[in-house]
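Presented below is the structure to which this report refers.
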Amino acid sequence: MKKFTRMMALVLLGGSTLVTSCVSEDISPEVENLRQAQVNYLNSKAAMEQAKADNQAAMTAKIQAETALIQVQVELQQAIMQAEADATIAAMEAEVAAAEARVAEAQARAAEAEAALQQAMDNLAAQVNETAQEYLAKYQSTMAQANNKMEEIINLEQDLVRFNAYVDDFGNVVDFEGAAAEIEGQIAEDEATIAALEATLVRYESLNTDAASVEAEVIQLREDLDEAYSNRATAQLEEDKALIEWTPINEAYTIADNSLVAISNFEEAIANIEAYISELEEDITALEAQLAPFEAELALVDEPYFTAEAEAIALLETWIQAQAEFDATDINNGPGDQVYDDALVARDAAQTAFEDFAGTNYPGTAKEIKSDFEEGYLYTTGSGVVVEYGIFFQNRFADPATEFGEAVRAYTNVVFDYDFYINKDELNNLEFSLENAQASLENYQTNLATAEANVADALAEMEVADIAALETLYAEATADYLAKQEVRMEYSAEISSLWTMINTLETYLSGDPTFIENQIAWTEDQIESLQNNIEDAQATLVNNEISAEEWAATIVRTEEKIDRLTTEYNALVALANDFLEQFNEVVEN
C-alpha cells in the first residue's frame with residue numbers, strides 16, 4: 001500500500017509539472033529534490049546490487065579455494081597412507097621371512113625329536129622281553145573288550161531315552177506303535193545275541209582241549225574278531241545312511257499322521273458345534289416369536305418414553321440452574337429487592353414447569369431428583385425383574401396424570417413384565433452363547449485348515465500323491481533302517497561272543513581246566529534267559545497291548561543290563577591298567 005501511495009504521489013507531482021510547464025520554464029525546488037532523491041535511490045540500488053554480486057563472487061572464490069585445499073589434503077593423506085602401507089608391507093615381508101625361518105628351524109627340531117623318539121622306541125623294543133610283550137598284548141586286548149562294553153552301554157542308554165519317551169508322567173504307554181517297534185528291535189537284538197552265543201557254544205563243544213589246539217583256536221578267534229570289527233564298521237555306515245534317509249520321511253509321516261488325527265478330531269468338534277449352533281438358533285427363533293408381541297408394544301412406547309425422559313431431565317437442569325442463581329442472590333439480598341424477587345420467580349417457574357410435566361411426588365432437591373433419574377445400578381423389583389434404578393425411581397414417583405408419568409407407565413408396563421424380562425434375559429444368554437459358539441467354530445475351522453495344510457506339505461515334501469503312498473514310503477524306509485540296524489547288531493553280538501571266548505580260552509591256558517566247562521554252562525544259561533525274554537516280548541505284541549507295568553519292567557531290565565555292563569567295563573579297565581602297570585615294570589627293570 002505504501003508503494004502504491006508513493007507512485008501516486010509521483011504521478012500527481014509529474015502531472016503538476018506538465019501543467020505548470022506551460023506557464024514557466026523554471027523547475028520547482030520540490031521537483032528538483034524529488035528527482036535528486038530518485039537518482040540517489042537508483043544509485044544506491046545499483047551499488048547494493050554490485051555489492052551483492054561482489055560478495056557472491058567472493059563466496060564462490062572462497063568455496064573454490066576451500067575445495068582445492070581439501071583436495072590437496074586428501075592427496076596428501078593418500079600419499080601418507082601409501083607410504084605407511086609400503087612401510088607396513090616391507091615390515092610384514094620381513095616378519096614373514098623371519099617366521100618362515102622360525103618354522104624351518106622348528107621343523108628341523110621336530111625332525112630331530114622324531115628321530116630321537118624313534119631311536120628311543122627302537123632301543124625300548126630291543127630291551128622289551130617276551131613277558132613285556134605279553135603284558136602289552138593283554139592290555140590292548142582287555143581295553144578293546146572294555147571299549148566294546150562301553151559301546152553297548154551307550155546304545156542301551158540311547159534306548160532308555162527312547163523308552164521313556166513312549167510313556168506319560170504316570171508311566172502309561174501313549175505310543176503303542178513306537179513301543180512295539182522298540183520291542184521288535186529288542187527281539188531282533190536278542191535273537192542276534194542268541195545266534196552268536198550258539199555259534200560260540202558250537203566252537204566250545206568241538207574244541208580239542210590240548211594246549212596247542214586251544215592256542216590255535218585263540219589265533220583263529222582273533223582273526224575272526226578283526227573281520228567282525230571290519231564288518232561292523234561297514235554295517236554301521238550302512239545303518240547311518242539308512243537313518244539319514246529315514247529321518248525326514250519319519251518326520252513327514254509323523255506330522256501327517258498327527259495331523260490326520262487332529263483333522264478327525266477337528267471335524268468331529270466342528271460337527272458338534274454346528275449342531276449346537278443350530279439348536280441355539282432354533283431356541284433364539286422360538287424366544288423371538290414369544291417376545292414379538294412385547295417388542296411390538298415396546299416399539300410404540302419406547303420413543304415417547306425416552307423423549308419424555310430427556311425433556312424431564314432438561315426441565316430439571318433448568319430448575320437446578322434457577323435454584324443456583326436464586327441461592328447466589330439470596331446471600332446479599334432479600335424480599336423486596338428486585339434481583340432477589342426476579343430470581344425467586346424464575347426458580348418457582350422452573351420448579352412448576354417440571355412438576356406440571358412430571359408430578360410433585362419426588363423426594364429431595366432438583367439436583368437429587370436428577371441424580372436418581374440417571375442412576376444406572378441394577379435394582380430388583382418386588383416381582384423379581386432386574387432393571388436400572390433410574391427407571392424404577394421414575395416409575396415409582398412419576399404422577400400418572402402427567403405427560404411424563406403417562407409415558408413412564410406405558411414403558412414400564414412392558415419392560416417390568418416378568419415374562420418379557422425372563423424371555424429377554426434368556427434371549428441375551430442364548431445370543432451370547434451363540435457368539436461364543438461361532439467364535440469356537442471359526443477357531444476349529446482355522447485349526448482344521450492348518451492341519452490339512454500340514455498334510456499337504458508333508459505329501460509335497462515327500463513327493464507322494466496321498467497318505468497311503470506316504471505310509472508305504474515310511475514302511476519301506478523303516479524296514480530298510482531296521483534291517484541295517486539288525487545287521488550291525490549281529491556283528492556287535494558276534495564281537496562280544498568272540499571276546500568272551502578268547503578270554504575263556506586264555507584263562508583256560510593260564511591253568512584253569514574247568515573254565516571252558518563253566519563257560520559252556522554260562523552260555524547255555526544266557527541263551528535260555530534270552531529266549532524267555534523273547535517269548536515275553538512276543539506275547540506282549542500278540543496281545544496288542546503294553547501295560548504300564550510291562551513297559552516299566554522293560555525299562556528296568558535295560559537299566560539292570562546297563563549296570564551289569566558298567567560293572568564289567570570297570571573291571572576290564574582295572575584289569576587292563578594292571579597289565580599296563582606290569583608291562584611298565586618289566587620295561588623299566
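Brief remarks follow.
- Candidates 327, 356: the one that is among the acidic types (Asp, Glu), in a helix (DSSP H, G or I), touching a residue at least 40 places away in the same chain (Cβ under 8 Å) and more than 18 Å from residue 413 (Cα to Cα) is 356.
- Residue count for the stretch 437-447 satisfying the condition of being in contact with a helix residue (DSSP H, G or I) (Cβ under 9 Å, 6 or more places away or on another chain) and open to solvent by 30 Å² or more (accessible area, probe 1.4 Å): 5.
- Residue match in the stretch 531-543 (condition: over 45 Å from the mean Cα position of the chain (by Cα), in contact (Cβ under 8 Å) with a residue 60 or more places away in the chain and open to solvent by 20 Å² or more (accessible area, probe 1.4 Å)): yes
- Within the stretch 277-289, one or more residues are of a type outside the set (D, E, K, R), under 30 Å from residue 411 (Cβ atoms), open to solvent by 80 Å² or more (accessible area, probe 1.4 Å) and free of Cβ contacts under 8 Å to residues at least 40 places away in the same chain.
- Out of 159, 168, one residue alone is more than 18 Å from residue 569 (Cα to Cα), out of contact with any strand residue (DSSP E or B) (no Cβ under 6 Å at 6 or more places or on another chain) and modelled with pLDDT under 75. It is 168.
- The set of residues in the stretch 463-476 that are open to solvent by less than 60 Å² (accessible area, probe 1.4 Å) and in contact (Cβ under 8 Å) with a residue 12 or more places away in the chain comprises 467, 470, 473, 474.
- Among the criteria (1) at pLDDT 80 or above; (2) open to solvent by 70 Å² or more (accessible area, probe 1.4 Å); (3) in contact with a helix residue (DSSP H, G or I) (Cβ under 6 Å, 6 or more places away or on another chain), the one residue 138 does not fulfil is (1).
- Here residue 552 meets each of (1) surrounded by fewer than 20 Cβ atoms within 10 Å (Cβ to Cβ); (2) out of contact with any Gly (no Cβ under 9 Å at 6 or more places or on another chain); (3) touching a residue at least 12 places away in the same chain (Cβ under 8 Å) with one exception, condition (2).
- A single entry from 479, 521, 493 fulfils the requirement of being open to solvent by less than 50 Å² (accessible area, probe 1.4 Å), without any contact (Cβ under 8 Å) to a residue 40 or more places away in the chain and part of a helix (DSSP H, G or I): 521.
- Number of positions in the stretch 362-392 that are in contact (Cβ under 8 Å) with a residue 12 or more places away in the chain, over 22 Å from residue 297 (Cα atoms) and in a helix (DSSP H, G or I): 7
- Pair list, Cβ < 6 Å and 6+ apart or interchain, from the stretch 409-431 residues that are touching a residue at least 40 places away in the same chain (Cβ under 8 Å) and closer than 17 Å to residue 381 by Cβ to residues that are in a helix (DSSP H, G or I) and open to solvent by 30 Å² or more (accessible area, probe 1.4 Å): 414/294; 414/297; 420/294; 423/290
- Residues that are surrounded by fewer than 18 Cβ atoms within 10 Å (Cβ to Cβ) and not polar (S, T, N, Q), drawn from the stretch 347-369: 348, 349, 353, 355, 356, 363, 364, 367, 368
The values are calculated or read from the model by the stated rules, or taken from the named source; none is laboratory data. These figures come from a predicted structure and were not determined experimentally. Cβ coordinates were reconstructed from backbone atoms using ideal geometry, including for glycine residues, and neighbour counts include every protein chain displayed. Accessible surface is based on the protein model in full, side chains and every heavy atom, while ligands, DNA and RNA are left aside. Shrake-Rupley method; radii C 1.70, N 1.55, O 1.52, S 1.80 Å.
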